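What follows is one structure encoded as structure tokens, with my remarks underneath.
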Amino acid sequence: MKTPAFRDPAPRGLCTDCGVSRMADPSACGKACQFIAPDYPGLEQAVHGRARGGGDETFFGPFRSMHRARMAAPQDGAQWTGITTSLAADLLARDKVQAVLTMVPDDTDVWRPRPAMITDPSDMARARGMRMGYAPLLALLEEAQAEGFTRLAVIGIPCQIYALRQLEADLGLERLYVIGTPCSDNTTTENFHSFLALLDEEPGSITYLEFRADYKVELRYADGRQRLIPFLSLPISDLPRDFFPLTCRTCVDYTNVLADITVGYMAGEGDQWVVVRNARGAEMLEGLGDRVVLSEPGSAGKRASAVKGFIANTARAAGGLPLRRMPDWLRPIVSWLQPRIGPRGLEFARARVEMKAAETILHLRREEPAKMKNMVPEHVWKIAAPYDLTPEETEQHPEKEE
Ligand SMILES: Cc1cc2nc3c(=O)[nH]c(=O)nc-3n(C[C@H](O)[C@H](O)[C@H](O)COP(=O)(O)OP(=O)(O)OC[C@H]3O[C@@H](n4cnc5c(N)ncnc54)[C@H](O)[C@@H]3O)c2cc1C
Ligand code: SF4
Ligand code: SF4
């Protein structure tokens, strides 16, 4: 495994330091960046052979199949059961790829992601788990080129995978496998540490955090304890207004639609959620054979009122964090009801995608209105339209109008 040092990043406006600005030609950001003028229909066509259709593809992007899924033997240290890192380890073990580009924890801070080029399948165990923050994953492409590798796998979050797909044709690769995870509400590792400090008097003892689909945050501790905190009891009001950077409040691809396979949890109802997008994604999932247990994803509840409430709170917060207006005594009751009557399974995933689309529009409209006509793709407007969020004249490119 290699964790090289990179050049300093070039200064940019909206940027999650995906690594492109640290490469030999930092001007490639102009073509590669999701935060400038993304072309989702064009890249969906190039990667999957077609742009997204209607129905659930409106929300989740092009797919061949969706599954509720878990590893038959959950992997130690994984964020969920370890499907993501197992897919990549399998590609290395079968020599389908020579290296996997991904993140491992930094030596000095387990919550800080650090780019790593992994060539030994057993080292994929070191990448397991979620870190909060960004690190220049794609700068590893030059490292891989220097090694002469032409068959690669990349594991990344959506803003990294968008840039990767834009650059793919120029990389001279014989084969590229792309494993994506969904991503939302990321922030700097420094900000994340201040959040942990609000959750526990001994933040250094927290080893795991996840926002689960049952409306609870799960914490795990170094001594083996587990703690569940309902979303409504989180100390959100104590966080600074700019806790989430504008990039992560306004990015436009929650479910990593340009990956060959997306591995998340949102529609998994306690298990994982796997979206197979193309033949390469299907090939990867088949590689796990009966090591992965698959079933049909369920769907229950109705999302509309939850999404409307979220949009109203986001609009009211005027750029800050969307706090729910609710007396303290009511919070435990609503927390108990949410996982029982709120949207679940695919309906939960649709709700989260709609919320994210609305956030993108509201935050950009307030903070960077001039970027809207280039940065907000048609699919975001389509997802937000049922909630009366439609483009104003200056917010949409003339050729994008339907
Ligand atoms: C910031 C963030 C927000 C997320 N939000 C959602 C969400 O809202 N909904 C949802 O369904 N899923 C979300 N995910 C994905 C989810 O947390 C799990 O990573 C995913 O379900 C895979 O679980 P696993 O057990 O298969 O992963 P593992 O087998 O444990 O592998 C995790 C992989 O993710 C990589 N990784 C970890 N942290 C980062 C990082 N900061 N940047 C880039 N790569 C990283 C690791 O290097 C590893 O390859 C998010 C992930 C991140 C990093
Ligand atoms: S996110 Fe990546 S492509 Fe966009 S400006 Fe930053 S380094 Fe460049
Ligand atoms: S929330 Fe969006 S912009 Fe932020 S790291 Fe995740 S994919 Fe990138």
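Each reported figure results from applying straightforward, stated rules to the coordinates on display, with no laboratory input. Remember, it's a predicted structure, so these values are computed and weren't measured experimentally. We place every Cβ from the backbone using ideal geometry, glycine too, and count neighbours over all the protein chains shown.
Computed from the C-beta positions of Ala279 and Ala73, the FRET efficiency with R₀ = 25 Å rounds to 0.40.
Computed from the Cβ-Cβ distance with R0 of 22 Å, the FRET efficiency linking Ile36 to Asp242 stands at 0.50. If you keep only loop residues by DSSP, which GluC sites (Glu not before Pro) in region 100-173 have at most 16 other Cβ atoms within 10 Å of their Cβ? Sparse-neighbourhood loop GluC sites (Glu not before Pro): Glu147. Judged by the mean number of other Cβ atoms found within 10 Å, the most tightly packed of the peptides 69-79, 182-192 leads the ranking 182-192, 69-79. Loop-located trypsin sites (Lys or Arg not before Pro) in region 252-305 (DSSP state other than H, G, I, E, B) with a sparse environment of at most 14 neighbouring Cβ atoms within 10 Å: Lys302. Computed over the Cα atoms of region 267-320, the ratio of the radius of gyration to the Kirkwood radius (Rg/Rh) comes to 1.21. Once Rg and the Kirkwood radius are both taken over the C-alpha atoms of region 196-258, their ratio Rg/Rh works out to 1.03.
Considering only Gly309, Gly345, Gly224, the mean-square fluctuation computed in a Gaussian network model of the chain, springs between alpha carbons under 10 angstrom, is largest for Gly224. Just want the answer: with Cβ charges of +1 for Lys and Arg and -1 for Asp and Glu, which residue in Leu258, Thr119, Thr150 is farthest toward the dipole's positive end in the chain? Most positive-ward Cα: Leu258. Given R0 = 22 Å, the distance between the Cβ atoms of Leu173 and Asp120 translates into a calculated FRET efficiency of 0.60. With the largest listed first and rounded to whole Å, the semi-axes of the equivalent ellipsoid of the chain from the Cα gyration tensor are 30, 26, 22.
Among Leu138, Leu152, Leu171, the residue with the largest mean-square fluctuation in a Gaussian network model of the chain, with springs joining Cα atoms closer than 10 Å, is Leu171.
When each of the peptides 90-103, 36-49 is scored by the mean number of other C-beta atoms lying within 10 Å of its residues, the order from highest to lowest reads 90-103, 36-49. Gain on full extension, evaluated as 0.36 nm per residue between Asp25 and Glu202 minus their Cα-Cα distance, stands at 59.4 nm. Couplings 3J(HN,Hα) of region 180-185, computed from phi: x, 10, x, 7, 7, 6 Hz, in residue order, whole Hz [Karplus 6.51 cos²θ - 1.76 cosθ + 1.60, θ = phi - 60°; x for Gly and Pro].
Taking 25 Å as the straight-line reach from the Cα of Lys356, the lysines in range (excluding those fewer than 8 positions away in the same chain) are Lys31, Lys216, Lys302, Lys308, Lys371, Lys373, Lys382, Lys400. For the pair Ala300 and Glu218 in one chain, pulling the backbone fully straight at 0.36 nm per residue adds 27.3 nm over the alpha carbon distance. The aspartates and glutamates within cross-link reach of Lys2, meaning a Cα-to-Cα straight distance under 12 Å and a gap of 8 or more places when in the same chain, are Asp120, Asp123, Glu143, Glu147. Remark: the chain carries a charge dipole of roughly 860 debye about the Cα centre, counting +1 on each Lys and Arg Cβ and -1 on each Asp and Glu Cβ. With the highest mean first, a sort of the peptides 354-360, 9-15, 28-34, 252-258 on other beta-carbon atoms found within 10 angstrom per residue produces 252-258, 354-360, 28-34, 9-15. Comparing mean-square fluctuations of Ala163, Ala135, Ala318 from a GNM of the chain with C-alpha springs under 10 Å, the top value falls on Ala318. If you bin all the Cα-Cα distances of region 5-83 at 10 Å, starting from zero, the percentages per bin are 15, 25, 27, 30, 3. Length available on full extension from Lys2 to Ala93: 0.36 nm per residue minus the Cα-Cα distance, which gives 31.0 nm.
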